[in-house]
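The numbers here are math on the coordinates, done by the rules we state, and not lab data. Quantities reported herein were computed from a predicted structural model and do not represent experimental measurements. Neighbour counts run over all protein chains shown; Cβ positions are idealised from the backbone, glycine included.
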Ligand code: GDP
């Protein structure tokens with residue numbers, strides 16, 4: 001949308017990576033999902049160029065659950081370049097009829113709460129039950145920190161080696177809105193490829209929980225006892241987003257404390273509005289390390305899913321989420337269109353200077369910019 005750069009010799013950034021045995025690399029470098037121009041000058045081992053796929057090949061590959069094509073399709077929809085964007089959207093349009101059939105679960109918690117250990121334990125458990133698991137991450141901070149979640153290949157080592165699981169780190173480009181669009185589309189690609197449980201991990205910072213809440217059916221807040229709520233960044237608002245609170249590390253010496261914390265949270269939850277109509281959010285304990293409680297929390301998620309499917313809440317939730325998604329993209333587009341507008345660009349510096357120096361009020365500055373934009 002915003003970047004109309006055409007690069008005819010484009011090769012998907014992750015093409016050729018060892019897909020089945022490791023966590024896929026995120027989108028490297030310069031924020032557009034493409035190899036930067038500078039990388040051409042840097043000498044690197046030459047990898048055979050992958051044939052550019054057609055729309056039909058992308059679609060057929062995803063529907064056939066071809067892992068390499070799934071990865072390439074995600075890379076395509078993560079690209080900001082106009083040509084890839086259009087192609088990615090056409091691929092998605094054709095995939096849409098095959099989407100929607102997964103249980104979408106969001107998982108949050110502060111760093112150290114045990115998210116990756118938990119996802120690995122749950123993921124392996126579900127694989128054994130015959131499910132196909134996709135693990136995605138929404139981490140807007142990764143632009144700065146270069147991938148703080150799922151970027152590290154040592155995380156979820158066992159799960160990443162399992163052919164029934166697919167692990168994709170956070171798209172590393174841009175704003176939370178941009179990251180969210182890409183993650184939502186990645187969910188659709190994974191569903192079309194037959195993954196029936198989608199686990200979306202996010203870090204307990206800023207707006208990312210709200211964003212992930214808006215793309216999943218069930219939202220799980222992972223906690224640890226003894227760290228203090230403040231330390232865990234547990235604000236009432238985040239607890240209100242959750243369909244379950246799960247006190248992790250309920251093992252060894254910590255077991256009793258974890259159970260006490262669960263009781264405390266259950267009391268606190270009485271006073272909060274539930275995140276999902278007709279569902280009572282409760283606290284549970286587990287140990288991602290020993291596996292205790294993992295099956296129980298999956299039963300909670302399955303019950304939830306059954307209940308909200310029967311009551312129609314799931315359908316309503318997904319419809320609302322889709323519309324929210326549409327309007328968040330409209331906003332994103334308008335924003336990009338405004339900031340890329342040549343006329344706006346030509347007066348912006350002067351207007352900014354005038355407003356910061358107090359020569360014109362902010363409202364007048366905004367009006368001048370919008371008038372220029374609307375031509
Ligand atoms: P994340 O940052 O939330 O993804 O947390 P990690 O999964 O990386 O876990 C942080 C640390 O807690 C690691 O050293 C884990 O081994 C440990 N850990 C995770 N789950 C458990 C658990 O259930 N019990 C115990 N005792 N340690 C755990």
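Between residue 90 and residue 255, the FRET efficiency estimated from the beta carbon spacing at R0 = 41 angstrom works out to 0.15.
Computed across the range 317-374, the Kirkwood radius stands at 13.0 Å (inverse of mean 1/r, all Cα pairs).
Taking only the Cα atoms of the range 99-310, the radius of gyration and Dmax are 15.9, 44 Å.
Once the C-beta distance of residue 303 and residue 323 is scaled by a Förster radius of 22 Å, the resulting FRET efficiency is 0.20 to the nearest 0.05. Under 16 Å from a label point set 7 Å out along the Cα-to-Cβ vector of residue 289, the amide N atoms of the range 87-123 belong to 112-121. Structural descriptor for the range 99-310: relative contact order 25 percent, calculated from alpha carbon pairs under 8 angstrom and at least 6 residues apart.
If R0 is 41 Å, the Cβ-Cβ spacing of residue 335 and residue 64 corresponds to a FRET efficiency of close to 0.65. Scaled to the globular estimate 2.2 N^0.38 Å, the Cα spread of the range 279-375, given as radius of gyration, is 2.00.
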